[in-house]
1. Within segment 39-63, take every residue that is in contact with a strand residue (DSSP E or B) (Cβ under 9 Å, 6 or more places away or on another chain) and open to solvent by 70 Å² or more (accessible area, probe 1.4 Å) and give me the one that is nearest to residue 84 (Cα to Cα).
2. List, please: which pairs have Cβ atoms under 8 Å, are six or more places apart or on different chains, and start with a residue in segment 82-96 that is among the acidic types (Asp, Glu) and end with one that is in a loop (DSSP other than H, G, I, E, B)?
3. In segment 10-26, is there at least one residue being open to solvent by 40 Å² or more (accessible area, probe 1.4 Å) and modelled with pLDDT of 95 or more?
4. Scan segment 64-96 for residues that are farther than 22 Å from residue 21 by Cβ and open to solvent by less than 80 Å² (accessible area, probe 1.4 Å) and report the count.
Amino acid sequence: VKPAVAEPAAKPAAAAESAVTRLYLNAGSFSQLVNAQSLQDSLKKQGFAASIKEVTTEKGKIYKVRVGPMLDKAKAQAVKSKLSQINVNSFVTGDE
């Protein structure tokens, strides 16, 4: 009886999490932290809410420079457009 109770309990938490999806723009991924910090500093000086997310992959650590969070796609697309005007190619991603 207990395993049947445990599984449904896990589902509402996942549903609640996806209901509030925070969107980020991935402005760059770097293997060197100093390079990620350079882009982050540049974006912050121009008024973007940039942060660095450290991700461990099978090839080692990657430092992702992200702008956000934003709560809707329209806002994310508007910021993406502003980034492209300063020659920063980005793509929309969820909070990972």
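1. It comes out as 44.
2. Correct list of pairs: 95/21; 95/22.
3. no
4. Of the residues in segment 64-96, 3 are farther than 22 Å from residue 21 by Cβ and open to solvent by less than 80 Å² (accessible area, probe 1.4 Å).
The values are calculated or read from the model by the stated rules, or taken from the named source; none is laboratory data. The structure presented is a predicted model; accordingly, all values stated were derived computationally and were not measured. Every residue, glycine as well, gets a Cβ built from its backbone with ideal geometry; the counts of neighbours run over all protein chains shown. Quick note on the areas: whole protein, heavy atoms, side chains included, nothing else; ligands and nucleic acids left out. Shrake-Rupley method; radii C 1.70, N 1.55, O 1.52, S 1.80 Å.
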